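**Q** Okay, here's the structure, questions in a sec.
The values are calculated or read from the model by the stated rules, or taken from the named source; none is laboratory data. Not measured: the values here are computed from a predicted model. Quick reminder, even Gly has a Cβ in these numbers, built from the backbone with ideal geometry, and neighbours come from all protein chains shown. Just the protein is used for accessible areas: all its heavy atoms, side chains included, with ligands, DNA and RNA removed. Shrake-Rupley method; radii C 1.70, N 1.55, O 1.52, S 1.80 Å.
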Amino acid sequence: MRVLVVGAGQMGSGIAQVCATAGHSVLLNDVDRAAIDRGRVSIERNLGRQVEKNRLTAEAAREIADRIQPQESLAARLDADIAIEAASEDEQLKAKLFARLDEILPAHAIAASNTSSISITALGAATGRPDRVIGMHFMNPVPVMKLVEVIRGLATSDATFATAKRFAEELGKTAVEVNDAPGFASNRILMPMLNEAMFACMEGVGTPEAIDTVMKLGMNHPMGPLELADFIGLDTCLAIMEVLHEGFGDSKYRPCPLLRKMVAAGYLGKKSGRGFYTYA
Ligand code: NAD
């Protein structure tokens, strides 16, 4: 298939990598040209590690990297069978992108969003093809994590669902079907836990290290909640909490004030070098 990936940040570059590894040709787009370049560097670094571990030959790694081509603009019609949008977690921005994708993609193409929480139904309604709009929520880091939450919007057709599920499975992922609701299943459950860990930290219940150690050793979580929030991106965590809070109209989902303050300060977690922890 010909795949267009929109957004070349940590998720978009990971999605481009797994699609190219499965043999698809990929166009990688971002509003920021530097993000496309950073995405390609990170893909080549990941593939290089696979070569070092003898999981891939150097030639195969080169072929995979060559299947990913930069696509600087979404101005003209593009030849793609599926678009996977992985731009920043902002409903207005995504709705505009979906309206644009509708104009430039061939009629048969599917437009999928990797959104963590935003309504797939609303993104579908921004297009003239809501039956061909679906959620494909990959997990971070994409090359490692097995799950893709496949989200049906209200108007998503069975044929679109079947294509998205098969596509995810051909990438070696396990597709789990869920219906459209704020945060779907994954972030409706995960994000309030991370937010609660931030409240505990803000209220001085424990240091970030103490809170993370309690959850790692006590609950057998592979990463502590604050470490995981840093890894996801604190801006993304805040955007998801806002969607849950507004979508359910329930104060139990209110974003932690410390999270708001950190995002306002530009402490976005690992990607900015500082969050609950500092990164080299
Ligand atoms: P990121 O900040 O690393 O990357 C986002 C990219 O989108 C940036 O490079 C930015 O320049 C680009 N962008 C912004 N507006 C754009 C536009 N109009 N057109 C094209 N590109 C645009 O964020 P990320 O962590 O990769 O998250 C991307 C999406 O994936 C979000 O919807 C997020 O909720 C979702 N997601 C994130 C995670 C995670 O753990 N970080 C996991 C699953 C899903």
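**Q** By how many degrees, 0 to 90 and rounded to 10, does the Cα axis of helix 158-170 deviate from the longest principal axis of the chain?
**A** The helix 158-170 is inclined about 80 degrees to the chain.
**Q** Only four residue types carry charge here, +1 at the Cβ of Lys and Arg and -1 at the Cβ of Asp and Glu. Report the dipole size of the chain about the Cα centre in Debye, rounded to the nearest 20. Intermediate results must be reported in sequence, preceding the final value.
**A** Details: 30 positive and 34 negative charges, 74 e Å.
The calculation lands at about 360 debye.
**Q** Relative to the longest principal axis of the C-alpha atoms of the chain, give the angle of the C-alpha long axis of helix 234-248, reported between 0 and 90° and rounded to the nearest 10°.
**A** 90
**Q** Got a sec? What order do S117, S88, S157 fall in by accessible area at 1.4 Å, biggest, i.e. largest, first?
**A** Accessible-area ranking of S117, S88, S157, largest first: S88, S157, S117.
**Q** Subtracting the Cα-Cα distance from 0.36 nm times the residue separation, let me have the gained length for D131 to H108 in nm, one decimal. Present the calculation step by step, with values, prior to reporting the outcome.
**A** On the way: separation 23, 0.36 × 23 = 8.28 nm, distance 1.07 nm.
Roughly 7.2 nm would be gained on extension.
**Q** May I pose another question? For a quick check of your reading of the filter: which trypsin sites (Lys or Arg not before Pro) in region 80-161 sit in a DSSP loop and have no more than 16 other Cβ atoms within 10 Å?
**A** When the trypsin sites (Lys or Arg not before Pro) of region 80-161 are filtered for loop state and at most 16 Cβ neighbours within 10 Å, K146 remain.
**Q** Report P(r) for region 187-272: all Cα-Cα distances, bin width 5 Å, range 0 to the bin holding the largest distance, values in whole percent.
**A** 3, 16, 26, 27, 19, 8, 2
**Q** If you don't mind, there's one more thing I want to ask. Report the extension gain between F231 and D32 in nm, rounded to one decimal, defined as 0.36 nm multiplied by the number of residues separating them, less their alpha carbon distance.
**A** 69.5 nm
**Q** Which log10 I(q)/I(0) values does region 122-225 give at q = 0.15 Å⁻¹ under the Debye formula, counting every alpha carbon as one identical point scatterer?
**A** Each listed q maps to, in turn, -0.74.
**Q** Is region 57-146 best put as rounded, prolate or oblate by its Cα gyration tensor, with a ≥ b ≥ c the root eigenvalues, rounded for a/c under 1.5, and otherwise prolate when a/b is larger than b/c, oblate when not?
**A** Numbers: a/c = 2.18, a/b = 1.42, b/c = 1.53.
Cα axes put region 57-146 in the oblate bin.
**Q** Still on this structure, please answer the following. Which GluC sites (Glu not before Pro) in region 44-81 sit in a loop by DSSP (not H, G, I, E or B) and have at most 14 other Cβ atoms within 10 Å of their own Cβ?
**A** E72
**Q** Here is a follow-up. In Å and from the alpha-carbon atoms only, list the Rg and Dmax of the chain.
**A** Cα-based Rg and Dmax for the chain come out at 18.7, 55 Å.
**Q** Within region 174-201, what residues put their amide N at less than 20 Å from the label point 7 Å along the Cα-to-Cβ vector of S251?
**A** It comes to 192-193, 195-201, nothing else.
**Q** Taking only DSSP H segments of four or more residues, each worth -39500 (n - 2.57), what value at 222 nm results for the chain once the sum is divided by all its residues, to the nearest 500 deg cm²/dmol?
**A** Value at 222 nm, helices only, nearest 500: -15000 deg cm²/dmol.
**Q** I've got another one for you. First compute the accessible area of the chain with a 1.4 Å probe, then give the percent of it belonging to carbon and sulfur atoms.
**A** C and S fraction of accessible area: 54 percent.
**Q** Also: Compute the long axis of helix 91-104 from its Cα atoms, compare it with the longest principal axis of the Cα atoms of the chain, and write down the angle in degrees, 0 to 90, nearest 10.
**A** 10
**Q** Using a 1.4 Å probe, what is the accessible area per residue for the chain, in Å²? Intermediate results must be reported in sequence, preceding the final value.
**A** Details: 13060 Å² over 280 residues.
Accessible area per residue, the chain: 47 Å².
**Q** Also, quick follow-up: Kirkwood-based Rg over Rh for region 52-95 (C-alpha set), two decimals?
**A** Numbers: Rg = 15.8 Å, Rh = 14.0 Å.
Reported Rg/Rh, Kirkwood definition of Rh: 1.13.
**Q** When the Kirkwood hydrodynamic radius is evaluated over all pairs of different C-alpha atoms of region 15-79, what value in angstrom, to one decimal, is obtained?
**A** 12.3
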